[in-house]
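The values are calculated or read from the model by the stated rules, or taken from the named source; none is laboratory data. These figures come from a predicted structure and were not determined experimentally. Note: ideal-geometry Cβ built from the backbone for every residue, glycine included; neighbour counts use all protein chains shown.
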Amino acid sequence: MSDGGISSQNRNAQVSENVVVWEGFDGVTFQVYKNDGNGQTLVSTGSNMNNLDPKIHKGVIVWRAFGVVTFQIYKNDGSGQKLVSDGISTNNISPTLQDDKIVWQGRNSDRLWQIYINEGEEGQKLISTGISIRNNFPQIDNGTIVWQGLDVNNQINEIYAFNCFEPGEIFPPVIPTLGQWSIIILGMIFLIFGVSRINKRSSTTNW
């Protein structure tokens, strides 16, 4: 797949429909390459440094690369390298894709990790709009995007989801804590006790 005369330190290989992509060192920086059965060719045709983490789906290749001041997300669908992340986030990493939907994590203006998507014409959009921070490791399948985030209320890592076809973030179910369960159970006991007292009083009155 890789030609030792073109690149070295070849790593992080991915494959889709018999097309293999990977990152390799060209003597100056890391580049993204592919082999579709016709030999090794360069995918990252821009002037960026450190082209890393390539992913491929149906001939479209995405990766992250260091731009002027930060990591950005790029793609090559066979017509040359194009910018995917359009500036509303920094430190853009962990790209993945399905069809025309490219997803990644990046830092917002408050330096919080958020999840973003680019579906083409509308450009980059924020999708992690809920109560979580440290949103990481996005994955996509059949239009559903999932990721890990830290719930700011209970400080627990939760799994979140977003449906591209029915937009709206899906939050994890609210599970009471141990202390909350204690209050709930105590309230139920008082309720049962109160109902039984009322029933007993009613029975006494009827006699």
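Do we have any residue at all in the stretch 87-96 that's under 19 Å from Gly143 (Cβ atoms), hydroxyl-bearing (Ser, Thr, Tyr), surrounded by fewer than 23 Cβ atoms within 10 Å (Cβ to Cβ) and in the same structural domain as Asn51 (by TED's automatic domain parsing)? Before the answer, list the steps.
Just the residues of the stretch 87-96 that are under 19 Å from Gly143 (Cβ atoms), to begin with: 94-96.
Within this subset, residues satisfying the condition of being hydroxyl-bearing (Ser, Thr, Tyr) are 94, 96.
If we keep only those that are surrounded by fewer than 23 Cβ atoms within 10 Å (Cβ to Cβ) as well, we get 94, 96.
This time we only want the ones that are in the same structural domain as Asn51 (by TED's automatic domain parsing), so: 94, 96.
Yes, the stretch 87-96 has at least one match.
So which residues in the stretch 98-130 are of a type in the set (S, T, N, Q) and within 10 Å of Cys164 (Cβ to Cβ)?
Step one: of the stretch 98-130, the residues of a type in the set (S, T, N, Q) are 98, 105, 108-109, 114, 118, 124, 128-129.
Gln98 - this is the single residue of the stretch 98-130 that is of a type in the set (S, T, N, Q) and within 10 Å of Cys164 (Cβ to Cβ).
Given the residues Lys34, Lys58, which is the only one that is loosely packed, with under 14 Cβ neighbours inside 10 Å and closer than 25 Å to Val103 by Cβ? Let's see the steps before the verdict.
Details: Lys34 fails: loosely packed, with under 14 Cβ neighbours inside 10 Å.
Result: Lys58 is the single residue among Lys34, Lys58 that is loosely packed, with under 14 Cβ neighbours inside 10 Å and closer than 25 Å to Val103 by Cβ.
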request  = Report yes if Ile93 is touching a residue at least 12 places away in the same chain (Cβ under 8 Å) and not in a strand (DSSP E or B), otherwise no.
outcome  = no
inquiry  = Looking only at the stretch 1-56, how many residues end up being part of a strand (DSSP E or B), on the phi > 0 side of the Ramachandran plot and of a type in the set (D, E, K, R)?
reply    = 1
request  = Scan (1) in a strand (DSSP E or B); (2) surrounded by fewer than 23 Cβ atoms within 10 Å (Cβ to Cβ); (3) not acidic (Asp, Glu) for the single condition Gly130 breaks and write down its number.
outcome  = (1)
key: Pairs, first not assigned by TED's automatic domain parsing to the domain that holds Asp100 in the stretch 132-160, second surrounded by 18 or more Cβ atoms within 10 Å (Cβ to Cβ), C-beta under 9 Å, six or more apart   = none
